[in-house]
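The values are calculated or read from the model by the stated rules, or taken from the named source; none is laboratory data. Treat the numbers as computed from the prediction; the structure is a model and nothing was measured. As a convention, Cβ positions derive from the backbone with ideal geometry for all residues, glycine included, and neighbour counts pool all protein chains shown. Accessible surface areas use protein heavy atoms only, side chains included; no ligands, DNA or RNA. Shrake-Rupley method; radii C 1.70, N 1.55, O 1.52, S 1.80 Å.
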Amino acid sequence: MTPATASELTVDLCDTPKTENAYASPSWWYDLRGFFILKLAYRDSLWRQVFFFDKNISDNHLEVAVGSGTLLRMILFVRQLRRRPIGRIVGIDYAKEMLAGALRTFRRWANIELEQADARALRFADASFDSVNIANALHSIPDPDVALGEAHRVLKVGGRLAVNALLHPRGSWPLRNIAAAIDAWGIRKGILVSPFDGEEISALFRRTGFRIEERRNHGNALYLVARK
Ligand SMILES: C[S@@+](CC[C@H](N)C(=O)[O-])C[C@H]1O[C@@H](n2cnc3c(N)ncnc32)[C@H](O)[C@@H]1O
(Lines give C-alpha, C1' and ligand atoms only; values in the text may rest on other atoms or scores of the structure.)
Protein backbone atom coordinates (compact mmCIF):
# COMPACT_ATOMS: atom_id res chain seq x y z
CA MET A 1 0.00 0.00 0.00
CA THR A 2 1.26 3.48 -0.83
CA PRO A 3 2.18 5.54 2.25
CA ALA A 4 0.10 8.66 2.91
CA THR A 5 1.23 11.86 4.50
CA ALA A 6 -1.00 12.71 7.42
CA SER A 7 -2.37 15.64 5.43
CA GLU A 8 -3.89 13.26 2.87
CA LEU A 9 -7.07 12.35 4.69
CA THR A 10 -8.52 10.75 1.61
CA VAL A 11 -6.02 7.90 1.79
CA ASP A 12 -7.68 4.69 0.71
CA LEU A 13 -7.37 2.47 3.76
CA CYS A 14 -8.00 -1.14 2.93
CA ASP A 15 -10.56 -2.98 5.05
CA THR A 16 -9.32 -4.15 8.41
CA PRO A 17 -8.99 -7.93 8.30
CA LYS A 18 -11.40 -9.82 10.58
CA THR A 19 -8.82 -10.84 13.15
CA GLU A 20 -8.01 -7.19 13.74
CA ASN A 21 -11.60 -6.19 14.55
CA ALA A 22 -10.76 -6.02 18.24
CA TYR A 23 -9.54 -2.49 17.51
CA ALA A 24 -12.57 -1.47 15.48
CA SER A 25 -13.99 0.96 18.10
CA PRO A 26 -13.73 4.69 17.40
CA SER A 27 -10.31 6.01 18.41
CA TRP A 28 -11.72 8.40 21.10
CA TRP A 29 -13.23 5.40 22.88
CA TYR A 30 -9.90 3.59 22.66
CA ASP A 31 -8.18 6.60 24.28
CA LEU A 32 -10.67 6.78 27.15
CA ARG A 33 -10.60 3.05 27.76
CA GLY A 34 -6.82 3.04 27.39
CA PHE A 35 -6.43 5.51 30.25
CA PHE A 36 -8.15 3.15 32.70
CA ILE A 37 -6.17 0.19 31.38
CA LEU A 38 -2.97 2.19 31.90
CA LYS A 39 -3.85 2.99 35.50
CA LEU A 40 -5.37 -0.32 36.57
CA ALA A 41 -3.65 -3.01 34.44
CA TYR A 42 -0.24 -1.47 33.72
CA ARG A 43 -0.35 0.52 37.00
CA ASP A 44 1.82 3.03 35.24
CA SER A 45 1.84 6.71 34.31
CA LEU A 46 1.18 8.36 30.98
CA TRP A 47 3.96 10.92 31.50
CA ARG A 48 6.49 8.18 32.11
CA GLN A 49 5.55 6.74 28.72
CA VAL A 50 5.77 10.15 27.04
CA PHE A 51 9.27 10.85 28.37
CA PHE A 52 10.50 7.30 27.80
CA PHE A 53 9.44 7.11 24.15
CA ASP A 54 10.45 10.70 23.42
CA LYS A 55 14.08 9.77 24.16
CA ASN A 56 14.06 7.28 21.28
CA ILE A 57 12.73 9.44 18.47
CA SER A 58 15.38 10.12 15.83
CA ASP A 59 15.15 12.20 12.65
CA ASN A 60 14.16 9.04 10.78
CA HIS A 61 11.75 7.19 13.03
CA LEU A 62 9.27 4.30 12.72
CA GLU A 63 6.34 4.11 15.16
CA VAL A 64 4.99 0.56 15.08
CA ALA A 65 1.31 0.16 16.09
CA VAL A 66 0.82 3.93 16.31
CA GLY A 67 -2.87 3.41 17.22
CA SER A 68 -4.96 6.58 17.48
CA GLY A 69 -1.78 8.68 17.51
CA THR A 70 -2.65 10.27 20.86
CA LEU A 71 0.49 9.12 22.65
CA LEU A 72 2.70 10.14 19.71
CA ARG A 73 0.97 13.55 19.62
CA MET A 74 1.72 14.07 23.33
CA ILE A 75 5.35 13.11 22.75
CA LEU A 76 5.66 15.56 19.86
CA PHE A 77 3.92 18.27 21.93
CA VAL A 78 6.62 17.88 24.58
CA ARG A 79 9.32 17.99 21.88
CA GLN A 80 7.81 21.19 20.50
CA LEU A 81 7.75 22.74 23.98
CA ARG A 82 11.41 21.89 24.43
CA ARG A 83 12.22 23.18 20.94
CA ARG A 84 13.63 19.84 19.88
CA PRO A 85 13.66 18.89 16.19
CA ILE A 86 11.00 16.65 14.70
CA GLY A 87 12.13 14.85 11.57
CA ARG A 88 10.57 12.14 9.42
CA ILE A 89 8.17 9.87 11.29
CA VAL A 90 6.42 6.86 9.75
CA GLY A 91 3.54 5.35 11.73
CA ILE A 92 1.96 2.01 10.97
CA ASP A 93 -1.01 0.19 12.46
CA TYR A 94 -3.24 -2.54 11.06
CA ALA A 95 -6.52 -1.33 12.60
CA LYS A 96 -8.40 1.00 10.29
CA GLU A 97 -10.26 2.90 13.05
CA MET A 98 -7.10 3.52 15.06
CA LEU A 99 -5.29 4.77 12.00
CA ALA A 100 -8.23 7.01 11.08
CA GLY A 101 -7.77 8.77 14.45
CA ALA A 102 -4.03 9.18 13.79
CA LEU A 103 -4.73 10.55 10.31
CA ARG A 104 -7.05 13.18 11.82
CA THR A 105 -4.55 14.10 14.52
CA PHE A 106 -1.66 14.54 12.09
CA ARG A 107 -3.52 15.89 9.08
CA ARG A 108 -1.41 19.05 9.06
CA TRP A 109 1.94 17.33 9.60
CA ALA A 110 3.73 16.93 6.26
CA ASN A 111 6.63 15.03 7.84
CA ILE A 112 4.44 12.29 9.30
CA GLU A 113 3.50 9.37 7.04
CA LEU A 114 0.81 6.95 8.19
CA GLU A 115 -0.13 3.65 6.65
CA GLN A 116 -2.06 0.53 7.37
CA ALA A 117 0.36 -2.33 7.78
CA ASP A 118 0.99 -5.44 9.81
CA ALA A 119 3.93 -5.13 12.20
CA ARG A 120 4.83 -8.71 11.25
CA ALA A 121 5.30 -7.98 7.55
CA LEU A 122 6.63 -4.47 6.94
CA ARG A 123 7.16 -3.30 3.39
CA PHE A 124 10.26 -1.22 4.25
CA ALA A 125 13.70 -2.18 3.01
CA ASP A 126 16.30 -3.50 5.44
CA ALA A 127 18.04 -0.80 7.48
CA SER A 128 15.51 1.94 6.67
CA PHE A 129 15.20 3.62 10.08
CA ASP A 130 17.40 4.99 12.87
CA SER A 131 14.86 4.35 15.63
CA VAL A 132 11.73 2.28 16.23
CA ASN A 133 9.20 2.55 19.07
CA ILE A 134 6.56 -0.03 19.94
CA ALA A 135 4.38 1.58 22.63
CA ASN A 136 1.74 -0.39 24.52
CA ALA A 137 1.47 -2.89 21.72
CA LEU A 138 3.95 -5.78 21.71
CA HIS A 139 1.60 -7.81 23.94
CA SER A 140 -1.26 -7.06 21.50
CA ILE A 141 0.54 -8.42 18.46
CA PRO A 142 0.16 -12.11 17.69
CA ASP A 143 3.67 -13.54 17.08
CA PRO A 144 5.62 -10.80 18.90
CA ASP A 145 8.84 -12.61 17.90
CA VAL A 146 8.02 -11.97 14.23
CA ALA A 147 7.21 -8.29 14.93
CA LEU A 148 10.50 -7.91 16.81
CA GLY A 149 12.31 -9.56 13.89
CA GLU A 150 10.78 -7.01 11.53
CA ALA A 151 11.74 -4.11 13.81
CA HIS A 152 15.28 -5.48 13.85
CA ARG A 153 15.37 -5.88 10.06
CA VAL A 154 14.23 -2.33 9.27
CA LEU A 155 16.56 -0.73 11.82
CA LYS A 156 20.00 0.41 10.73
CA VAL A 157 22.94 -1.15 12.54
CA GLY A 158 23.34 0.88 15.73
CA GLY A 159 19.67 1.96 15.64
CA ARG A 160 17.55 1.61 18.77
CA LEU A 161 14.23 0.01 19.60
CA ALA A 162 12.19 1.17 22.62
CA VAL A 163 9.33 -0.97 23.91
CA ASN A 164 7.09 -1.10 26.95
CA ALA A 165 5.38 -4.42 27.53
CA LEU A 166 2.63 -5.53 29.85
CA LEU A 167 3.78 -8.04 32.46
CA HIS A 168 1.77 -10.63 34.36
CA PRO A 169 0.11 -8.81 37.28
CA ARG A 170 2.27 -8.41 40.35
CA GLY A 171 1.80 -6.88 43.80
CA SER A 172 -0.80 -7.62 46.43
CA TRP A 173 -4.56 -7.85 46.73
CA PRO A 174 -6.67 -6.12 45.43
CA LEU A 175 -4.53 -4.36 42.81
CA ARG A 176 -3.11 -7.59 41.44
CA ASN A 177 -6.62 -9.09 41.13
CA ILE A 178 -7.99 -6.00 39.41
CA ALA A 179 -5.13 -6.09 36.89
CA ALA A 180 -5.66 -9.83 36.33
CA ALA A 181 -9.40 -9.26 35.71
CA ILE A 182 -8.66 -6.49 33.17
CA ASP A 183 -6.08 -8.68 31.41
CA ALA A 184 -8.57 -11.55 31.19
CA TRP A 185 -11.17 -9.15 29.73
CA GLY A 186 -8.59 -7.84 27.24
CA ILE A 187 -7.75 -11.36 26.09
CA ARG A 188 -11.46 -12.22 25.66
CA LYS A 189 -11.97 -9.01 23.71
CA GLY A 190 -8.93 -9.66 21.51
CA ILE A 191 -7.03 -6.48 22.41
CA LEU A 192 -4.45 -8.43 24.40
CA VAL A 193 -2.72 -11.61 23.30
CA SER A 194 -0.95 -12.26 26.60
CA PRO A 195 1.01 -10.36 29.24
CA PHE A 196 4.72 -11.26 29.28
CA ASP A 197 7.12 -12.66 31.75
CA GLY A 198 10.03 -10.18 32.07
CA GLU A 199 12.75 -12.78 31.54
CA GLU A 200 10.93 -14.32 28.60
CA ILE A 201 10.67 -11.02 26.74
CA SER A 202 14.30 -10.10 27.44
CA ALA A 203 15.36 -13.48 26.05
CA LEU A 204 13.21 -12.83 22.99
CA PHE A 205 15.01 -9.54 22.35
CA ARG A 206 18.40 -11.25 22.59
CA ARG A 207 17.36 -14.11 20.30
CA THR A 208 16.22 -11.54 17.74
CA GLY A 209 19.73 -10.04 17.74
CA PHE A 210 19.19 -7.00 19.98
CA ARG A 211 21.57 -5.87 22.69
CA ILE A 212 19.53 -4.66 25.69
CA GLU A 213 20.79 -1.29 26.95
CA GLU A 214 18.09 -0.39 29.45
CA ARG A 215 15.56 -2.49 31.31
CA ARG A 216 13.31 -1.40 34.16
CA ASN A 217 9.97 -2.19 35.71
CA HIS A 218 7.21 0.22 36.66
CA GLY A 219 4.01 -1.29 38.00
CA ASN A 220 3.11 -4.15 35.70
CA ALA A 221 5.09 -2.74 32.78
CA LEU A 222 8.58 -3.54 31.55
CA TYR A 223 10.51 -0.80 29.74
CA LEU A 224 13.23 -1.95 27.37
CA VAL A 225 15.65 -0.10 25.13
CA ALA A 226 17.72 -2.27 22.81
CA ARG A 227 20.28 -1.62 20.11
CA LYS A 228 20.74 -3.48 16.83
C1 LIG B 1 -2.98 -0.68 22.92
S2 LIG B 1 -2.85 -0.04 21.30
C3 LIG B 1 -1.43 1.03 21.41
C4 LIG B 1 -1.47 2.16 20.44
C5 LIG B 1 -0.42 3.26 20.63
N6 LIG B 1 0.93 2.75 20.39
C7 LIG B 1 -0.51 3.87 22.02
O8 LIG B 1 0.38 3.65 22.83
O9 LIG B 1 -1.50 4.55 22.30
C10 LIG B 1 -2.26 -1.41 20.41
C11 LIG B 1 -2.23 -1.18 18.92
O12 LIG B 1 -1.56 -2.28 18.32
C13 LIG B 1 -2.12 -2.45 17.04
N14 LIG B 1 -1.72 -3.76 16.54
C15 LIG B 1 -1.94 -4.96 17.11
N16 LIG B 1 -1.42 -5.93 16.35
C17 LIG B 1 -0.84 -5.33 15.27
C18 LIG B 1 -0.12 -5.79 14.13
N19 LIG B 1 0.11 -7.09 13.94
N20 LIG B 1 0.31 -4.90 13.23
C21 LIG B 1 0.09 -3.57 13.41
N22 LIG B 1 -0.58 -3.06 14.47
C23 LIG B 1 -1.03 -3.93 15.39
C24 LIG B 1 -3.60 -2.29 17.29
O25 LIG B 1 -4.31 -2.04 16.11
C26 LIG B 1 -3.60 -1.11 18.27
O27 LIG B 1 -3.75 0.12 17.60
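For region 95-182, the relative contact order comes to 27 percent (Cα pairs under 8 Å, sequence separation of at least 6).
Considering only Ile86, Ile134, Ile57, the Gaussian network model of the chain with Cα springs below 10 Å gives its largest mean-square fluctuation to Ile86.
Rounded, prolate or oblate: which fits the chain, taking a ≥ b ≥ c as square roots of the Cα gyration tensor eigenvalues, rounded meaning a/c under 1.5, else prolate when a/b beats b/c? Judged from the Cα gyration tensor, the chain comes out rounded (a/c under 1.5).
Measuring r between the beta carbons of Gln80 and Leu32 and using R0 = 25 Å, the FRET efficiency lands at 0.55. Taking 26 Å as the cut-off for C-alpha to C-alpha distance, list the pairs among Lys55/Lys156; Lys156/Lys189; Lys39/Lys228 that go past it. Beyond 26 Å between Cα atoms: Lys156/Lys189; Lys39/Lys228.
Length gained on full extension, Asn177 to Arg211: 8.9 nm, using 0.36 nm per residue less the C-alpha separation. Take the chain with all the other protein chains still there, run a 1.4 Å probe, and you get 46 Å² of accessible area per residue. Placing pseudo-labels 7 Å out from each Cα toward the beta carbon at Asn60 and Arg188 gives an inter-label distance of 4.7 nm.
Please find the FRET efficiency linking Ser45 to Ser25, where r is the Cβ-Cβ separation and R0 is fixed at 22 Å, and quote it to the nearest 0.05.
Calculated value: 0.40.
Counting DSSP beta bridges with both partners in the chain, what percentage is antiparallel, nearest 5?
Working: 16 of 36 bridges.
Percent antiparallel among DSSP bridges in the chain is about 45.
Cα convex hull, region 42-124: 102 Å³ per residue, rounded to a whole number.
For the pair Ala125 and Val146, a Förster radius of 22 Å applied to the C-beta separation gives a FRET efficiency near 0.80, rounded to the nearest 0.05. With 15 Å as the cut-off, how large is the P(r) tail for region 110-179, expressed as percent of Cα-Cα pairs? The proportion of pairs with Cα distances above 15 Å equals 62 percent.
Take every Cα pair under 8 Å whose residues are at least 6 apart in sequence, average their separation, divide by the length of the chain, and the relative contact order is 23 percent.
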